[in-house]
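This report refers to the structure that appears directly beneath it.
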Amino acid sequence: MSEFSDIVYELTDGVATIALNRPQALNALTNQALTELAAALNLSDADPSCRVLILTGRGRGFCAGQDLKEHQAHGGATDIGEHVARYYNPLVLKLYHFPKPTIAMVNGVAAGAGMSLALACDFRIASQAARFSQAFVKIGLVPDSGSSYFLPRLVGVARALEMAMLGDVMDAATALQWGLVHRLVEAEMLEKETMNWARRLAEGPPLALSMIKESIHRGIDHNLSESLEWEKGLQSAAARTYDHQEGVQAFLNKRAPEFRGQ
Ligand code: T3D
């Protein structure tokens, strides 16, 4: 869609792709890019024909985090905490709670808040060229945009501390071994493999997928009794959908279900 300059938004066969599009800066995030990213998320959320969202980067980077040159250009006058609260936090919340499956297609380096964005997605499919860095410490900052929340949950406290306090650039194989990424593929297979995942998810029951995300998210922050209660409510809602009836009928008739999101 042409109204964007720093991202590219495409929707094909129910799969929306947001590609960060500042390859010369490894897709570092300017205010313009952050604003467009937020707008594209709203666009795909509101579009019922979009069933899955892919976030990726153009060129050799996924996203190098905050554009440090833009910061300098502003003479360092911005209160960084305020900047994070204004641009990054709403974006991360939107992505994490996005009511459709989200996949970070990690084509290259994901650093600082760029890594946080990848972690906020439901799935991370990485190419052999992917690298991950909690780069914040290298410039005397601390993890933001959700990294302090996502990272220990994904890799455990010890490894999260190592990444956050050393800021080393981790290769894709180690990221797979640590559980940061779901799949690791050859660079030339990245798009195909990611689209295969996306299409499978796009064929799933949209309302149930949304509720599954909600219940798993709640599950890590609530105790068993609360989770059981929450599951009960969601199951009642899921059981009332057309898609549940369709799923059962399809099973009984030995055919593939056709879910409608109703
Ligand atoms: O304001 C706030 O709200 C604060 C928010 C903070 C959130 C954050 O994200 S803080 C962390 C910011 N990010 C970084 O500190 C990462 C900085 N980049 C790097 O450390 C390295 O570039 C990488 C490890 C990511 C990749 O290294 P490499 O060797 O593959 O690439 P490179 O040569 O360093 O970079 C290529 C180009 O991209 C280069 O431009 P040039 O010299 O060819 O014109 C480089 O300057 C540019 N680039 C990379 N990262 C950024 C960037 N330009 C602006 N901002 C960047 N973050």
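The values are calculated or read from the model by the stated rules, or taken from the named source; none is laboratory data. Every value quoted in this text rests on a predicted model; they were computed, and no experiment measured them. Glycine gets a Cβ as well: all are built from the backbone with ideal geometry, and neighbour counts include every protein chain shown.
Observations
- Just one of the numbered conditions (1) basic (Lys, Arg); (2) within 9 Å of the ligand (Cβ to nearest atom); (3) crowded, with 23+ Cβ neighbours inside 10 Å is not true of residue 124: (2).
- Residue list for the range 148-158, restricted to those being out of contact with any Gly (no Cβ under 9 Å at 6 or more places or on another chain) and closer than 21 Å to residue 120 by Cβ: 148, 149, 150, 151, 152, 153, 157
- Candidate set from the range 210-262 (those that are in a loop (DSSP other than H, G, I, E, B), loosely packed, with under 10 Cβ neighbours inside 10 Å and on the phi < 0 side of the Ramachandran plot); member that is nearest to the chain's Cα centre (by Cα): 220
- A residue that is touching a Leu at 6+ places or on another chain (Cβ under 7 Å) and crowded, with 19+ Cβ neighbours inside 10 Å occurs nowhere in the range 186-196.
- For first residues located in the range 65-93 and loosely packed, with under 12 Cβ neighbours inside 10 Å, partners that are at pLDDT 95 or above and lie 6+ apart or on another chain with Cβ distances below 6 Å do not occur.
- Within the range 166-180, one or more residues are surrounded by fewer than 19 Cβ atoms within 10 Å (Cβ to Cβ), within 19 Å of the chain's Cα centre (by Cα) and among the aliphatic types (A, V, I, L, M).
- Residue that is surrounded by the fewest Cβ atoms within 10 Å (Cβ to Cβ) [pool: residues in the range 127-139 that are within 8 Å of the ligand (Cβ to nearest atom) and not hydroxyl-bearing (Ser, Thr, Tyr)]: 139
- Evaluation of residue 12 against the conditions (1) more than 16 Å from the ligand (Cβ to nearest atom); (2) touching a Ser or Thr at 6+ places or on another chain (Cβ under 9 Å) shows that the sole unmet condition is (2).
- Selected residue (only one of 70, 82 is within 17 Å of residue 23 (Cα to Cα), within 10 Å of the ligand (Cβ to nearest atom) and either acidic (Asp, Glu) or at pLDDT below 95 (or both)): 70
- Residues of the range 1-28 classified as in contact with a Gly (Cβ under 7 Å, 6 or more places away or on another chain) and either at pLDDT below 95 or closer than 25 Å to residue 195 by Cβ (or both), total: 5
- Within the range 26-54, the set of residues being of a type outside the set (Val, Ile, Thr), in a loop (DSSP other than H, G, I, E, B) and within 17 Å of residue 111 (Cα to Cα) comprises 26, 27, 28.
- The one condition in (1) surrounded by 13 or more Cβ atoms within 10 Å (Cβ to Cβ); (2) within 16 Å of the ligand (Cβ to nearest atom) that residue 47 fails to fulfil: (2)
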